[in-house]
1. From the list A:Met163, A:Met116, which one is at the interface with chain B (Cβ under 10 Å from one of its Cβ atoms), touching an Asp or Glu at 6+ places or on another chain (Cβ under 6 Å) and either open to solvent by 20 Å² or more (accessible area, probe 1.4 Å) or among the hydrophobic types (A, V, I, L, M, F, W, C) (or both)?
2. Starting from the range A:97-110, take each residue that is closer than 16 Å to B:Asn75 by Cβ and among the aliphatic types (A, V, I, L, M) and list its partners that are open to solvent by less than 10 Å² (accessible area, probe 1.4 Å) and not in a helix (DSSP H, G or I), counting only C-beta distances under 8 angstrom and pairs at least six apart or across chains.
3. Which of the residues that make up the range B:190-227 are under 22 Å from B:Arg58 (Cβ atoms) and of a type outside the set (A, V, I, L, M)?
4. Out of the range B:63-79, which residues are open to solvent by less than 30 Å² (accessible area, probe 1.4 Å) and more than 19 Å from the chain's Cα centre (by Cα)?
5. Restricted to the range B:1-16, and to residues that are more than 8 Å from chain A (Cβ to nearest Cβ) and closer than 12 Å to B:Leu54 by Cα, which residue is surrounded by the fewest Cβ atoms within 10 Å (Cβ to Cβ)?
6. For the range B:121-144, which residues satisfy the criterion of being more than 26 Å from B:Ile213 (Cβ to Cβ) and open to solvent by less than 60 Å² (accessible area, probe 1.4 Å)?
7. Among all residue pairs at least 6 apart or on different chains, which show Cβ distances below 7 Å where the first residue, located in the range A:177-196, is more than 18 Å from B:Arg104 (Cβ to Cβ) and the second is surrounded by fewer than 13 Cβ atoms within 10 Å (Cβ to Cβ)?
8. From B:Val317, B:Val260, B:Val244, grab the single residue that is closer than 22 Å to B:Asp173 by Cα, in a helix (DSSP H, G or I) and β-branched (Val, Ile, Thr).
Amino acid sequence: MPEKQKETGPTRRALLEGGAATTMLLVAGLPVGRSAVAAVAAEPTVTPMPTLPVMLNINARNIAVEVDPRTTLLDTLRNHLGLTGSKKGCDHGQCGACTVLVNGRRINACLSLAAMHEGDEITTIEGLAAGGELHPVQAAFIEHDGFQCGYCTPGQICSAVAMLREAKDGWPSHVSADVGAAPAALTDTEIRERMSGNLCRCAAYPNIIAAIRDAAERS
Amino acid sequence: MQPFTYQRSEDAAGAVAAVAGRPAARFISGGTNLLDLMKLDIERPQHLVDISRLPLDRVEPTEEGGLHIGAQVRNSDLAADPGVRSRYPILSQALLAGASGQIRNKASTGGNLLQRTRCPYFYDSNMPCNKREPGAGCAALRGFNRMHAVIGASDSCIAVHPSDMAVAMAVLDARVETVSPGGETRSIPLGDLYLLPGTTADEETVLAHGEMITGVTLPPPPAGRQVYRKVRDRASYAFALVSVAAIIETSGNRVRSARVAMGGVAPKPWRAPEVESRLAGSALSDQALSEAAEAALPEAVGHGGNDFKIRLAKRTVRYTLAAAAELV
């Protein structure tokens with residue numbers, strides 16, 4: 001099993017790198033949106049939606065995009081920039097599959113307008129690995145088989161990365177015995193509570209908890 | 001989603017003027033509720049004024065010994081604030097009982113107060129809802145109303161206010177500060193911010209169009225221990241069936257003072273003066289707490305699916321008071 005995962009890993013990453021290449025094209029050239037606007041403009045009865053220029057820093061790269069004001073951060077990542085690692089599950093902030101880090105904090109990318117993130121540093125699942133090394137939370141998910149179908153996994157991992165930082169910063173949780181005291185250890189109960197914004201329809205929760213516990217102990 | 005134009009605001013006066021000048025303009029901060037409703041075409045603003053970067057993001061002590069919370073302080077920052085955790089732990093507890101880690105990182109203090117109800121009929125545009133469409137009727141009255149209000153509601157709307165944070169703020173006698181288009185400021189007791197539905201379920205607060213919440217002020221914390229207890233269908237990330245914020249000050253086997261507010265039972269955070277007055281100066285015992293809790297919600301009315309809430313609320317009041325008094 002580990003052998004097989006090692007083989008599939010690079011294939012996935014190659015795909016993601018392909019996504020990044022598309023990104024550059026979309027940014028440098030004219031994305032679908034612009035030509036669609038031009039086509040619509042030929043119809044005298046329809047007013048083209050004005051677009052907004054937004055400068056985002058995504059995975060340590062400055063990227064300028066032009067978006068319809070209605071575009072969520074999630075749709076910008078997926079549809080405009082080809083970064084499809086962040087998933088659209090419910091599109092209403094209930095499932096957590098779209099979780100990304102904004103200035104180091106986890107948010108639901110589906111419940112945020114891209115236009116509101118001018119200048120923000122955004123880290124997606126594609127940007128967690130550094131120098132060819134998986135992020136420790138990514139490695140722990142593989143080691144503990146913390147998924148089944150994998151659809152919620154990018155959101156679970158991004159959420160866990162930020163959650164571990166919150167715990168390190170001493171943030172209490174709903175299950176902390178005394179919010180006034182420094183939180184005790186990151187028990188399984190604490191991990192479950194702190195990760196309740198990420199659902200897994202395959203119910204791989206036991207292994208997700210094991211992976212996060214392991215990553216917490218190693219960091 | 002309906003088309004809209006967007007502007008980022010750099011100062012409060014500019015933001016207020018920008019919204020006041022356009023009837024279909026709205027403030028947006030965290031966006032976790034507004035954007036959700038815009039996707040469903042329930043909210044249809046034509047212009048959004050982004051106030052999330054206004055310099056209203058501080059939690060600072062007041063001269064009176066209280067705390068001033070900027071309207072743009074995120075729910076997660078407020079819950080983790082050392083001053084809140086040590087002096088107003090009930091506010092941290094309430095915030096941490098609500099939403100998810102991701103949403104608390106975005107949701108603002110002002111936005112949390114102004115979030116809309118989660119009544120399923122408000123969310124379903126195929127169903128009649130007086131809040132969404134005045135005069136349409138209320139599908140919840142004879143519908144699936146397990147989550148709905150037992151007090152403060154009307155024949156036109158039985159939706160509840162969903163905030164946990166506001167329940168803690170109500171028990172702490174918080175005041176909500178606003179700035180109006182003319183530059184006037186006012187300070188509104190939190191209990192007076194919300195309007196009961198009556199025959200105008202679509203009118204939810206006393207705020208005028210363009211009036212913006214700038215912050216919330218907490219008076220010095222009252223004496224006594226503070227406990228927030230939330231009862232819900234799931235252990236985490238669910239709205240309250242009933243929640244109770246209780247503060248009780250004891251001396252030996254007597255109660256000196258008590259404060260109680262409830263969530264999940266009414267269109268706004270609901271204080272229980274009947275309970276508070278019975279407990280002031282009473283004996284501290286299980287029986288005294290039970291009798292006082294029985295006095296809560298004297299005019300409560302169930303609508304079938306939510307009848308259970310009346311007993312559940314009284315029992316949760318008793319339990320939460322006992323926990324605050326360290327009897328359990």
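1. Unique residue meeting the criteria: A:Met116.
2. What qualifies is A:Val102/A:Ser112; A:Val102/A:Ile122; A:Ile107/A:Thr99; A:Ile107/A:Val100.
3. B:Glu211, B:Thr214, B:Gly215, B:Thr217, B:Pro219, B:Pro220, B:Pro221
4. Of everything in the range B:63-79, those that are open to solvent by less than 30 Å² (accessible area, probe 1.4 Å) and more than 19 Å from the chain's Cα centre (by Cα) turn out to be B:Gly65, B:Gly66.
5. The selected residue is B:Asp11.
6. If the condition is that a residue be more than 26 Å from B:Ile213 (Cβ to Cβ) and open to solvent by less than 60 Å² (accessible area, probe 1.4 Å), then B:Tyr121, B:Asp124, B:Pro128, B:Ala136, B:Gly137, B:Cys138, B:Ala139, B:Ala140, B:Leu141, B:Gly143 are the ones that fit.
7. A:Ala182/A:Gly170
8. On the way: B:Val260 fails: in a helix (DSSP H, G or I); B:Val244 fails: in a helix (DSSP H, G or I).
None of the other options fit; the residue is B:Val317.
The values are calculated or read from the model by the stated rules, or taken from the named source; none is laboratory data. Owing to the predicted nature of the structure, the values given are computational and were not obtained by experimental measurement. Here Cβ is always computed from backbone atoms with ideal geometry, including for glycine, and neighbour counts include all displayed protein chains. Heads up: the accessible areas ignore ligands, DNA and RNA and are worked out on the full protein's heavy atoms, side chains in. Shrake-Rupley method; radii C 1.70, N 1.55, O 1.52, S 1.80 Å.
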